[in-house]
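Below: one structure, written as structure tokens.
The values are calculated or read from the model by the stated rules, or taken from the named source; none is laboratory data. This one's a predicted model, so the numbers in the text were calculated from it and none came from an experiment. Glycine gets a Cβ as well: all are built from the backbone with ideal geometry, and neighbour counts include every protein chain shown.
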Amino acid sequence: MSLAGNLLSASKGQAAQTILVTSSRRGEGRTTAAAALAHGLAQGASGPVLLVDASFSSPDLHKLFGVTASPGLVEALGDVSVLTQAIRLTKDPKVRLLPLGDNAAITEAWAASFANLLASLKEEYEYIVVDGTPALASSEAAAVAKYFDGVALVVECARTKWEVLNLARDKIRSVDGKILGVVMNKRRFYVPRIFYR
Ligand SMILES: Nc1ncnc2c1ncn2[C@@H]1O[C@H](COP(=O)(O)OP(=O)(O)OP(=O)(O)O)[C@@H](O)[C@H]1O
Ligand SMILES: [Mg+2]
């Protein structure tokens, strides 16, 4: 089953409309997994899927999709009228991208206004996939998990120790984040088909 299919069945019939993609540490494949998940979900969706870059320390989605970083999420949170301009079309007709914009740091106030924006975007998009920061990066990074219907935890198989993964899982659960599934990334004998395209 695909990554998207697996995560949807993990939500046990309850539609997980907003999904945070995180990992314990940097470089485990969050951005790659978030993009793959958005493409996967778009295939079964009736309308467009929104992919959002909220990876503060490493905003990369705009590079992957070949668009400018600004205006993006940060600007849209300051002035909601920027949102239409900030959301870009991509090569996948069913995937829209909201890049991060000008860099900022996550604060609790920022996270709360992000949560409000997510709630209003839910009325327009069937799925919203967010590339987040690593859960162990800071307490604010993990705290945003509570604003999502579900969390996908990306693990780089060969590198991440179980203890570190458990720490990330506990941190997400401690803020009431619902882990939908663990994405086992970079398995030696298995590279998802999407990377060959
Ligand atoms: N399944 C995979 N197979 C092979 N290479 C992969 C896979 N997933 C990711 N990579 C590669 O690993 C590197 C890190 O991936 P990616 O940028 O998605 O990680 P990240 O967690 O978003 O990193 P950061 O913490 O810097 O944001 C990239 O060069 C990417 O192309
Ligand atoms: Mg990234």
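Since T68 meets every condition but one in (1) over 18 Å from T22 (Cα atoms); (2) surrounded by fewer than 14 Cβ atoms within 10 Å (Cβ to Cβ); (3) in contact (Cβ under 8 Å) with a residue 40 or more places away in the chain, which condition does it not meet?
With respect to (1) over 18 Å from T22 (Cα atoms); (2) surrounded by fewer than 14 Cβ atoms within 10 Å (Cβ to Cβ); (3) in contact (Cβ under 8 Å) with a residue 40 or more places away in the chain, T68 is out only on (3).
Q85 - would you say it is assigned to a helix (DSSP H, G or I), modelled with pLDDT of 95 or more, more than 16 Å from ligand 2 (Cβ to nearest atom) and surrounded by fewer than 22 Cβ atoms within 10 Å (Cβ to Cβ)?
On the way: assigned to a helix (DSSP H, G or I): yes; modelled with pLDDT of 95 or more: yes; more than 16 Å from ligand 2 (Cβ to nearest atom): yes; surrounded by fewer than 22 Cβ atoms within 10 Å (Cβ to Cβ): yes.
So Q85 fits the description; yes.
Among the residues of the stretch 123-139 satisfying the criterion of being more than 15 Å from E28 (Cα to Cα) and within 16 Å of ligand 1 (Cβ to nearest atom), which is farthest from the chain's Cα centre (by Cα)? Spell out the reasoning first.
Initial filter on the stretch 123-139 (more than 15 Å from E28 (Cα to Cα)): 123-130, 138-139.
From the residues that got through so far, the ones that are within 16 Å of ligand 1 (Cβ to nearest atom) too are 129-130, 138.
Values: V129: 4, V130: 2, S138: 17 Å.
Only one residue fits best here, namely S138.
Out of the residues in the stretch 158-189 that are within 16 Å of ligand 2 (Cβ to nearest atom) and not hydroxyl-bearing (S, T, Y), state the one that is modelled with the highest pLDDT.
Taking the stretch 158-189 first, the residues within 16 Å of ligand 2 (Cβ to nearest atom) are 159-160, 168, 183, 185-186.
In the following step, the residues that additionally are not hydroxyl-bearing (S, T, Y) were identified as 159, 168, 183, 185-186.
Values: R159: 83, A168: 95, V183: 90, N185: 84, K186: 77.
My answer is A168.
How many residues, within the stretch 59-75, are away from ligand 1 (no atom under 14 Å from the Cβ) and not in a loop (DSSP other than H, G, I, E, B)?
Number satisfying all stated conditions: 3.
Which residue out of H62, H39 is touching a Pro at 6+ places or on another chain (Cβ under 6 Å) and more than 10 Å from ligand 2 (Cβ to nearest atom)? Can you show your working first?
Numbers: H39 fails: touching a Pro at 6+ places or on another chain (Cβ under 6 Å).
H62 is the lone residue from the list that is touching a Pro at 6+ places or on another chain (Cβ under 6 Å) and more than 10 Å from ligand 2 (Cβ to nearest atom).
What is the one condition in (1) assigned to a loop (DSSP other than H, G, I, E, B); (2) in contact (Cβ under 8 Å) with a residue 12 or more places away in the chain that A142 does not satisfy?
(1)
Restricting to the stretch 21-58, what's the tally of residues that are within 7 Å of ligand 1 (Cβ to nearest atom), polar (S, T, N, Q) and crowded, with 24+ Cβ neighbours inside 10 Å?
Number satisfying all stated conditions: 1.
Answer with yes or no whether L97 is away from ligand 2 (no atom under 16 Å from the Cβ), over 30 Å from A158 (Cα atoms), modelled with pLDDT of 95 or more and crowded, with 19+ Cβ neighbours inside 10 Å. Can you show your working first?
Details: away from ligand 2 (no atom under 16 Å from the Cβ): no; over 30 Å from A158 (Cα atoms): yes; modelled with pLDDT of 95 or more: yes; crowded, with 19+ Cβ neighbours inside 10 Å: yes.
Judged against the criteria, L97 is not a match.
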